[in-house]
1. Rounded, prolate or oblate: which fits the stretch A:294-374, taking a ≥ b ≥ c as square roots of the Cα gyration tensor eigenvalues, rounded meaning a/c under 1.5, else prolate when a/b beats b/c?
2. According to a simple spin-label model (label point 7 Å from Cα along Cα-to-Cβ), what is the distance in nm between residue A:359 and residue A:83?
3. Rounded to the nearest 0.05, what FRET efficiency is calculated for residue A:75 and residue A:52 with R0 set to 51 Å and r the Cβ-Cβ distance?
4. Roughly what would the spin-label model give for residue A:308 and residue A:28, points 7 Å off Cα along C-beta, in nm?
5. Once you average over the residues of A:48-58, how many Cβ atoms of partner chains fall within 10 Å of each Cβ?
6. Across peptide B:52-58, how many C-beta atoms of other chains are within 10 Å of each residue C-beta, on average?
7. So if R0 is 41 Å, what FRET efficiency would residue A:3 and residue B:63 give, r being the distance between their Cβ atoms, rounded to the nearest 0.05?
8. Rounded, prolate or oblate for the stretch B:7-102? Axes are the square roots of the Cα gyration tensor eigenvalues, ordered a ≥ b ≥ c, and the cut-off for rounded is a/c under 1.5.
């Protein structure tokens, strides 16, 4: 219990319980404060001053009348109605084909990295790496996977990272500024939430991968000579971490992006500092289970859908199997982050979800239709 | 002036409305907008005194969020909306009004405090209210913004820092400067607000 006796009025004015009483007229909070005041009659002055401060601030900032608010909401409501009429035929149902279209832009990118003068290069690059890390102002969180199974790490922007064994990733709690930047050691599968205004960068060994929203895998163990990037969908630009690039990145945020089309791979050679494009796919990359995994469901019982997600992402999905026994899903999901997938599924079957630690809880009142199954 | 709705916006309730909105319920979205409207509007007065401009900006923002709702993931509803509004208004400032404007320069812009508004205020508010209004409204914009978020919204310094895209220390400095100014102009504040320095740091 907070010791309110020692508070200053300005501290009390921002206390949640006090505000509930003064602003929301919450009865519980009211009882508490009346009771508190009877026990601390000498603090009447404190209460008065805090109330006074709140009153003055609200008087000052309340620049709009209730009538004006109502008018504005009516205006909004009218616009929404109009757009709904226009789009109602388009928005009625969940259209799996949209996601199939998105999934068809699959591309596999292999990147082999050969370092001719490994030692001097890595030393210099470590310096650059530290330089980039030192620019990150927020403290970084670090997730390490010491288990022998993949571990799911979810980032604040909705992106998910499936961290492979013996790997670790450092990331800020919230992505501030113009870039989302994470630091990988080892191997991980990324599903990046789309946000063109805030590109996503992965730094791994000496390689920088910039994405705008896609799914891909990076394998960069510290004592490996090769850094591999495998992209499942979307566009990625890859560049080497050199002085020059570091400077251009800082100066104009352009990384000399090389746009890759399906089945192309990029090879970087440190000897001539050139990125070479070729058409060979790295067969090794096909082994990555989630990379070739697609979530195609056709009238699939919801239990099996959740099982597939549980297996691929190593999360626990809690739901009432009995209530949801009549729910089936027809959809093709690909590179959306896990929570976006869950969200899409929930919208399709009229359920909602909550994330609790490493589990996802599904709330559903069940499904009454059965036509999908019988068709 | 008529009595206005003053209520603390509980994130849980707002999130519930947001989830319904996300599922396509436009009535829920209007209810959410109604709950947030006063906060959004009053926050925007930290950036401009042009009420009609603010109304249009909020309409534009709400429609944009409605259209993009399926791609938006929200944790703290009020903060998300405030942040989006802030970005939109500041971006528009940069684009239209003054292409060279910088966030830090917003401090330099002052409202046009006309004789009409002065008279209007004189009729509407008591002398002590008027003095507080004047003192707060004459604060540099960023200080006013910090005061709004701290005392109107009841936000933590950390949340304010995130919203204003500055560090926690800068928020503490802004609040300290603002309160020092207010202290010198508003008599009732002066005898206790001294201690706020220790609270903020």
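Laboratory data are not the source of any read-out in this text; all were calculated from the coordinates shown. Just so it is clear, the structure is predicted and the values come from calculations on it, not from any experiment. Here the Cβ is made from the backbone with ideal geometry for all residues, glycine too, and neighbour counts use every protein chain on show.
1. oblate
2. It is 3.7 nm.
3. 0.90
4. Placing both labels 7 Å along Cα→Cβ, they lie 4.3 nm apart.
5. Average neighbour count from other chains, rounded to a whole number: 4.
6. 2
7. Rounded to the nearest 0.05, the efficiency is 0.30.
8. Prolate shape, in that a/c is at least 1.5 and a/b is the bigger ratio.
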